[in-house]
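Below: one structure, written as structure tokens.
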Amino acid sequence: MYKIKEQSYKKWLWIGILVIPILLNACGAPNVDWELSISGDISTPTTFTYDDLVNMPQVDMDEVLMEKSMGPDEVRSFSGVDLLTLLEEVGAPEDFSTITAIAADGYAIEISRDEMVDGIVAIKQGGEWIVDVDPDAGPIRLVFPSAPANRWVFQVTEIIVN
């Protein structure tokens with residue numbers, strides 16, 4: 001009888017050892033293969049992985065108005081890395097005037113510093129990972145609450161500081 005209890009205990013111990021890490025990983029950030037390169041007029045051209053961005057201090061933006069050029073405007077919440085802090089980290093000069101943001105599909109747009117006020121590299125939308133709730137817009141996107149949504153960039157892969 002003692003041997004049966006010991007075997008049962010060992011079985012549950014092994015299940016716990018195998019299952020707990022899987023569950024803990026499921027609660028964390030999704031496993032995403034994505035990179036954001038920052039180059040141009042900076043001192044340290046850098047490529048950040050998705051995990052790098054997830055592990056940086058996050059800014060929460062609640063009730064951001066998405067002024068759409070087509071369809072009704074929406075109000076959403078986002079979380080991500082403060083863009084100006086990220087640019088500071090790679091050595092962008094204080095007097096830079098614009099960035100060029102490039103998306104995975106080749107779409108590129110020049111964004112003025114004035115439009116970047118409170119901008120973030122968003123990884124969450126409404127408290128959920130963008131890659132899970134809006135895969136066509138993620139896994140990361142630039143969000144500029146002071147600019148119309150047609151100035152935001154989905155699936156951003158590169159930022160060039162001008």
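Derivation of every value follows stated rules applied to the coordinates shown; laboratory data play no part. If you're wondering where the values come from, they're calculated on a predicted model, not measured in any experiment. FYI the Cβ positions are ideal-geometry reconstructions off the backbone, even for glycines, and counts take in every protein chain you see.
Sort Trp152, Trp34 so the one with the fewest other Cβ atoms within 10 Å of its own Cβ comes first. Display every interim value, and only then the final one.
Working: Trp152 23, Trp34 18.
By the 10 Å Cβ count, ascending: Trp34, Trp152.
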* Which ordering of Lys68, Lys124 is given by a fewest-first count of other beta-carbon atoms within 10 Å? -> Lys68, Lys124
* What per residue convex hull volume, in Å³, do the alpha-carbon atoms of the range 92-162 yield? -> 86
* Asked: Tell me, Ile140, Ile109 in order of fewest to most beta-carbon neighbours within 10 Å?
  -> Ile109, Ile140
* Using Cα centres only, tell me the gap between the range 110-134 and the range 29-49 in whole Å. => 15
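Using 1/(1 + (r/R0)^6) with R0 = 22 angstrom and r between the beta carbons of Thr46 and Glu110, what's the FRET efficiency to the nearest 0.05? It would help to have the intermediate numbers written out before the result.
Working: r = 20 Å, r/R0 = 0.93.
That pair, Thr46 with Glu110, gives E of 0.60.
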